[in-house]
Amino acid sequence: MDEAALKFSEDHLWVLEMGETIRVGLSDYAQEQLGEIISATMGEVGRFLERGETFGEVESQKTVVELSSPITGTIRAVNDAMVEDPTLINVDPYGKGWLVEVELDDPEELDQLMNFDDYETFIEE
């Protein structure tokens, strides 16, 4: 996965644009901060999300983190392999560890997310 193709939210989620759908995952930085992820719960397919609305949570040995949708849209797919084996988030956060796919309601919201370089600066501050 080319990280330069991704956009990032301040909540440490990445977004990959795939036409009218986006794929959402947890950033490498976020999974490192959490440590080993032991469970993940995602919203159901067909659920409409407002930007900022919680769509799931991941639990590590350290904490439980609620995941806030970086965009407005409808969940079209949940990564069942990741739900069954949440350590995929730790092993391959930008690949096999993706969380959900969401059909975009307003593509302009993507412009409000950070590119990779801006995100790198954000996490260093």
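Among the residues of segment 101-125, just one is β-branched (Val, Ile, Thr), surrounded by 13 or more Cβ atoms within 10 Å (Cβ to Cβ) and part of a helix (DSSP H, G or I), namely ILE123. With a requirement of 1 or more residues that are closer than 23 Å to PHE116 by Cα and over 11 Å from the mean Cα position of the chain (by Cα), the helices (runs of 4 or more DSSP H) lying completely within segment 1-91 that satisfy it span 28-34, 87-91. Taking residues in segment 40-52 that are at positive phi and surrounded by 12 or more Cβ atoms within 10 Å (Cβ to Cβ), and partners anywhere that are of a type in the set (D, E, K, R) and in a loop (DSSP other than H, G, I, E, B), the pairs with Cβ atoms closer than 9 Å and at least 6 places apart or on different chains are GLY52/ASP11. Is there a residue in segment 66-79 that is without any contact (Cβ under 8 Å) to a residue 60 or more places away in the chain, surrounded by fewer than 20 Cβ atoms within 10 Å (Cβ to Cβ), of a type outside the set (Asp, Glu) and on the phi > 0 side of the Ramachandran plot? Scanning segment 66-79, I find no residue that is without any contact (Cβ under 8 Å) to a residue 60 or more places away in the chain, surrounded by fewer than 20 Cβ atoms within 10 Å (Cβ to Cβ), of a type outside the set (Asp, Glu) and on the phi > 0 side of the Ramachandran plot, so the answer is no.
Screening GLU17 with (1) touching a strand residue (DSSP E or B) at 6+ places or on another chain (Cβ under 7 Å); (2) on the phi < 0 side of the Ramachandran plot gives one miss only, at (1). Number of residues in segment 13-34 that are touching a residue at least 40 places away in the same chain (Cβ under 8 Å), farther than 19 Å from ALA81 by Cα and not aliphatic (A, V, I, L, M) equals 4. The single condition from (1) in contact with a helix residue (DSSP H, G or I) (Cβ under 8 Å, 6 or more places away or on another chain); (2) within 16 Å of ASP11 (Cβ to Cβ) that PHE122 fails is (1).
No value in this document is a laboratory result; all are computed from the given coordinates. Just so you know, these numbers come straight off a predicted model, no measurement behind them. Here the Cβ is made from the backbone with ideal geometry for all residues, glycine too, and neighbour counts use every protein chain on show.
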